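Worksheet: one structure, shown below.
The values are calculated or read from the model by the stated rules, or taken from the named source; none is laboratory data. Quick caveat: nothing in here was measured; it's all calculated off a predicted structure. A quick note on method: Cβ atoms are made from the backbone with ideal geometry, for glycine too, and the neighbour counts reach across all protein chains shown.
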Amino acid sequence: MPPSEDSGPSGTNVDLPSGAAKAVAVRRMFDSIAPRYDLVNRIMTFRMDVAWRRRTVSMLELPAGSIVMDVACGTGDLCRDLSGAGHSVVGLDMSWGMLAAARTDAPLLHADALKQPVGEGSLDGLTCGFALRNFTSLEPFFFEAARLVRSGGRIALLEVDSPVNPLLRFGHAFYFGRVVPLVGGLFSDRDAYRYLPRSVAYLPPEEDLLSMVAAAGFGEVQKTRLSGGIAQLITATRS
Ligand SMILES: C[S@@+](CC[C@H](N)C(=O)[O-])C[C@H]1O[C@@H](n2cnc3c(N)ncnc32)[C@H](O)[C@@H]1O
């Protein structure tokens, strides 16, 4: 975590921030890592993130021409894939740094995922990549998604995960907790890439997460494990 008077000192031995302090710290962190965000992503996932995003778009299962919001769009990777699938895309993020580094033709909004300036039922679909654990609270986000997506519309939420297999889980914990901060430190901001693995702790247990999505107003809630369970894709249909 980058130093922040709100969030406490950087490093691995501090509690993760919450509430307003978390929002400030997350925005600052993404502002600072934006210029090399894509490069570090490709290196630390061995380009698997590219395939995961494509899967996210295909599992949205919407016809070309659908109106889709990519929430927490960052540098616009998902926006590009959604546009490539023929959708009308809008990206939204709260980090000016990430938006400035975005490489997409999609219109971009600077806004909070928990309070989006978009009308009720105006979207056919909504995607979100690797951002759930960065939100200050998950339930308001799922309710906001349910407000924006029309009945029958779809959501696809991509996030990191921990493998179920104990051996894979151990190897993944070592890689994510030890190697990723080193790689991040070589190419970008080491403190930020220490925070990112630790931020997985913000995610609730699988059952709770899926129940929250259902409780917000979605059916057919499904979790797909990707690449041995190091990433997860949650898809659902607006009731
Ligand atoms: C790990 S990046 C993911 C970027 C992109 N979705 C991707 O797939 O690479 C997380 C993004 O979430 C954004 N973010 C975090 N909290 C947010 C919020 N409350 N509202 C909007 N964007 C948020 C950050 O600014 C950052 O760009």
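Counting only residues that are surrounded by 15 or more Cβ atoms within 10 Å (Cβ to Cβ) and of a type in the set (Lys, Arg), give me the helices (runs of 4 or more DSSP H) lying completely in segment 178-233 with at least 3 of them. In segment 178-233, the matching helices (runs of 4 or more DSSP H) lie at 190-198.
Take the residues of segment 94-114 that are of a type in the set (A, V, I, L, M) and farther than 26 Å from Ala216 by Cα: which is nearest to the chain's Cα centre (by Cα)?
Let us first name the residues in segment 94-114 that are of a type in the set (A, V, I, L, M), namely 94, 98-102, 106, 108-109, 111, 113-114.
Now drop any that are not farther than 26 Å from Ala216 by Cα, which leaves 98-102, 106.
Details: Met98: 13, Leu99: 15, Ala100: 18, Ala101: 17, Ala102: 15, Ala106: 18 Å.
My answer is Met98.
From the list Asp81, Asp77, the one residue that fits, being over 19 Å from Pro181 (Cβ atoms), modelled with pLDDT of 95 or more and more than 14 Å from the chain's Cα centre (by Cα), is Asp81.
Could you look through segment 180-203, keep only residues that are of a type in the set (A, V, I, L, M, F, W, C) and touching a residue at least 60 places away in the same chain (Cβ under 8 Å), and pick out the one that is nearest to Ile33 (Cα to Cα)?
So, considering only residues that are of a type in the set (A, V, I, L, M, F, W, C) and touching a residue at least 60 places away in the same chain (Cβ under 8 Å), the one nearest to Ile33 (Cα to Cα) is Ala192.
With respect to (1) on the phi < 0 side of the Ramachandran plot; (2) not in a loop (DSSP other than H, G, I, E, B), the lone exception for Gly119 is condition (2).
Would you check if Val68 is in contact (Cβ under 8 Å) with a residue 40 or more places away in the chain, in contact with a His (Cβ under 9 Å, 6 or more places away or on another chain) and under 15 Å from Gly153 (Cβ atoms)? Write out each step before concluding.
On the way: in contact (Cβ under 8 Å) with a residue 40 or more places away in the chain: yes; in contact with a His (Cβ under 9 Å, 6 or more places away or on another chain): yes; under 15 Å from Gly153 (Cβ atoms): yes.
Considered against the rule, which asks whether it is in contact (Cβ under 8 Å) with a residue 40 or more places away in the chain, in contact with a His (Cβ under 9 Å, 6 or more places away or on another chain) and under 15 Å from Gly153 (Cβ atoms), Val68 comes out as yes.
Of the residues making up segment 160-170, at least one is at negative phi, within 16 Å of the ligand (Cβ to nearest atom), touching a residue at least 40 places away in the same chain (Cβ under 8 Å) and not charged (D, E, K, R).
On the basis of being among the hydroxyl-bearing types (Ser, Thr, Tyr), under 18 Å from the mean Cα position of the chain (by Cα) and not in a loop (DSSP other than H, G, I, E, B), does Thr56 make the cut?
Values: among the hydroxyl-bearing types (Ser, Thr, Tyr): yes; under 18 Å from the mean Cα position of the chain (by Cα): yes; not in a loop (DSSP other than H, G, I, E, B): yes.
Yes, satisfied.
Of the residues examined, Cys128 is not one that is assigned to a loop (DSSP other than H, G, I, E, B) and within 13 Å of the ligand (Cβ to nearest atom). Restricting the first member to segment 33-47 and to residues that are aromatic (Phe, Trp, Tyr), and the second to residues that are buried (at least 17 other Cβ atoms within 10 Å of the Cβ) and outside any helix (DSSP H, G or I), the beta-carbon pairs closer than 7 Å and six or more apart or on different chains are Tyr37/Gly74; Tyr37/Thr75; Tyr37/Ala101. Among the residues in segment 33-46, are any of a type outside the set (Gly, Ala, Ser), more than 11 Å from the ligand (Cβ to nearest atom) and not in a helix (DSSP H, G or I)? Yes; the residues of segment 33-46 include at least one that is of a type outside the set (Gly, Ala, Ser), more than 11 Å from the ligand (Cβ to nearest atom) and not in a helix (DSSP H, G or I). Gly91 falls short on exactly one of the conditions (1) small (Gly, Ala, Ser); (2) more than 8 Å from the ligand (Cβ to nearest atom); (3) over 14 Å from the mean Cα position of the chain (by Cα), and that condition is (3).
Would you confirm whether or not segment 152-172 contains a residue that is of a type in the set (Asp, Glu) and in a helix (DSSP H, G or I)? Steps first, answer last, please.
Of segment 152-172, the ones of a type in the set (Asp, Glu) are 159, 161.
From what is left, the residues that are in a helix (DSSP H, G or I) are none.
No, that holds for no residue.
Give me the pairs: first residue in segment 137-154 and exposed (fewer than 15 other Cβ atoms within 10 Å of the Cβ), second residue part of a strand (DSSP E or B) and not aliphatic (A, V, I, L, M), beta-carbon distance under 6 Å, and six or more apart or on different chains, which are they? As it stands, the answer is Ser151/Arg238, since those pairs meet every condition given.
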